[in-house]
Amino acid sequence: MKHGIRVAALADIPEGEGIAIDRAVTGTDDDIALLRDDDGCVWAMNNTCTHAEASLAEGWIEDGYVECPLHSSKFCLKTGAVQGLPATRDAVAHRVEVSDGEIYLFPRQKS
Amino acid sequence: MANSVVVVGGGIGGVSTIAALRAGGFEGDLTLVDAGPFPYDRPPLSKDYLAGNTEIKDIALQTPQWYDDQQVRLITESSAAALRTGLGAVELSDGRTVSADRVVLATGGRACVPAIPGSDSSRVHVLRSAEDADRLRAVLAPGARLLIVGAGLIGAEVASTARGLGCEVVLADPVSPPLSAAFSPDVAAWLHSMHEKLGVTTVRAAVEAFSETAGGISVTFARQNQAQTFDAALLAVGMAPETALAEAAGLRVDHGIAVDRRQVTSNPAILAVGDAATYGAEGVPVSRSEHWEAAQYDGHRAAAAILGGAAPADSAPWFWTDRHGVHVEVVGALGNADQLLQRGLVGQPPFSVFALQGGHVVGAVGVGDSTAVRAARRLIDRGVTVDPAQLCDPATDLRKLVRERSTEGK
């Protein structure tokens, strides 16, 4: 756990919602969206949709997917895999762990 | 099961058909014939692409690699000349033939050119393809005088883009406000009023004639004595389905290529999707949803029909439009509601309007309010009843409401 960044408390994100963590905190190229599925699990991926300038943290989160708030492309919460047009590229997924009600992010650094 | 499929037309309908065929396990030969350099996305043609913010390669619907990965034979800068389904083949414009057990027509539409005298002038534009956008872009210099005929979605988007490029824009439409049924009257009026606020001149009039002058094109409006001169005009008055191939193949055509609910035409070996196709209930054409996602869903249904699988679940129709910096989305229909409920204040984004019929949500429009529209879509699709007071209270968490109401229904 010591290499993860404590970014939020689980209680900060209601089920079916997301928040964006600033890149200044994550040290990544893009902000990272923490997305909480309606089953309570938290997932993380780059916040900007791979198609247009939209924040996935503001998307609709349901049944393992987040739907972009602009043009409705869907991404798999676990893997970031794009499910349909207009986006054509997968989102970069990051590892998250929850411990004692705290969310720790393990940003995948750019290669 | 078919061994070979040829899809004619590489818009969103054609490309979605192919993607859904492969995703559904189709292992036969798959060919996509397209007139352009490669299949590209059309919504940006009136927005970022027209503005010069993106290049054609940036709006490709799929990467070149994708067609290889999906084992799709992509034939570009070409078109189908004839459908020889009796022989199991499609004849291309260059004389080649491609074998096809099934053909999917995704031929889209042409921009309507109304019978206005002088509309054949080179200063009169239409906007359907990237070439059209390039031609129009070339005249959108700062200070250029542009007349847009028709204040529908395309006309309004181009007005916004052209204004952003510094053009002097006049937007003419005999209806005021336009798109009242699509957006609901108050939202339509507010959206239309944005044009004037952003420096576009709106004129409530039809155009009677164009005539070329030395320095431009002179336009006569109905019931106005004085003609006005512009550098260019854009006709944005709707589209006509491209049905020539279908007609030549003897298919039934009625306001578009007639298809059943599975996108199959009057010839069982030929399907049609997107703007070219018209679904008819009991032989009567149903109004076509001439939008991006509707064409995508058509492609999914066509693929399911070819694969012999179950059709994907229907969802309420949805579209978006962008103008003057606001993102507008509509789901379902707002035209036949008992009740229109505002959530937030019309004119102060984010806001939305929900349309209700007998306690059920049947439509919604949102301006900068994607969550409300996505919530509405699920409420429509799941057929759940809602408390109007809860729905229009901005304090209500719509995600939570949908989740709770959906669970109760199960």
Please find, within the stretch B:50-77, the residue that is farthest from the chain's Cα centre (by Cα) out of those that are more than 17 Å from residue B:19 (Cβ to Cβ) and charged (D, E, K, R). B:77
Scan the stretch B:31-58 for residues that are buried (at least 21 other Cβ atoms within 10 Å of the Cβ) and aliphatic (A, V, I, L, M) and jot them down. B:32, B:33, B:45, B:50
Can you spot a residue in the stretch B:90-106 that is crowded, with 17+ Cβ neighbours inside 10 Å and either within 13 Å of another protein chain (Cβ to nearest Cβ) or without any contact (Cβ under 8 Å) to a residue 40 or more places away in the chain (or both)? no
Would you tally the residues in the stretch A:97-108 being surrounded by fewer than 21 Cβ atoms within 10 Å (Cβ to Cβ) and under 15 Å from the mean Cα position of the chain (by Cα)? 5
Just wondering, is there one or more residues in the stretch B:117-125 that are more than 30 Å from residue B:211 (Cβ to Cβ), acidic (Asp, Glu) and more than 14 Å from every other protein chain (Cβ to nearest Cβ)? no
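Each row is one residue, and each column tells you yes or no for (1) free of Cβ contacts under 8 Å to residues at least 40 places away in the same chain; (2) in contact with a helix residue (DSSP H, G or I) (Cβ under 9 Å, 6 or more places away or on another chain); (3) closer than 30 Å to residue B:82 by Cβ.
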position	(1), (2), (3)
B:153	no, yes, no
B:164	no, yes, no
B:177	yes, yes, no
B:202	no, yes, no
B:212	no, no, no
Among the residues of the stretch B:342-379, the number that are of a type outside the set (Gly, Ala, Ser) and within 14 Å of chain A (Cβ to nearest Cβ) is 10
Report, by residue number, each residue of the stretch B:128-181 that is crowded, with 21+ Cβ neighbours inside 10 Å and among the charged types (D, E, K, R). B:157, B:173
Enumeration of residues in the stretch B:269-284 that are without any contact (Cβ under 8 Å) to a residue 40 or more places away in the chain and under 18 Å from the mean Cα position of the chain (by Cα): B:278, B:279
Verdict on residue B:383 being of a type outside the set (Ser, Thr, Tyr), touching a His at 6+ places or on another chain (Cβ under 7 Å), under 27 Å from residue B:290 (Cβ atoms) and within 14 Å of chain A (Cβ to nearest Cβ): no
Just a yes or no: is a residue in the stretch A:73-81 closer than 17 Å to residue B:371 by Cβ, hydroxyl-bearing (Ser, Thr, Tyr), without any contact (Cβ under 8 Å) to a residue 12 or more places away in the chain and buried (at least 19 other Cβ atoms within 10 Å of the Cβ)? no
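For (1) touching a helix residue (DSSP H, G or I) at 6+ places or on another chain (Cβ under 8 Å); (2) within 14 Å of chain A (Cβ to nearest Cβ), each residue gets a yes or a no:
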| residue | (1), (2) |
| --- | --- |
| B:265 | yes, no |
| B:279 | no, no |
| B:299 | yes, yes |
| B:305 | no, no |
| B:308 | no, no |
| B:315 | yes, yes |
| B:329 | yes, yes |
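All of the numbers you see were taken from the coordinates with simple rules; none came from a lab. Please read these numbers as outputs of a predicted model, since none were measured by experiment. With ideal geometry, Cβ positions are generated from the backbone for all residues, glycine too; neighbour counts draw on all protein chains shown.
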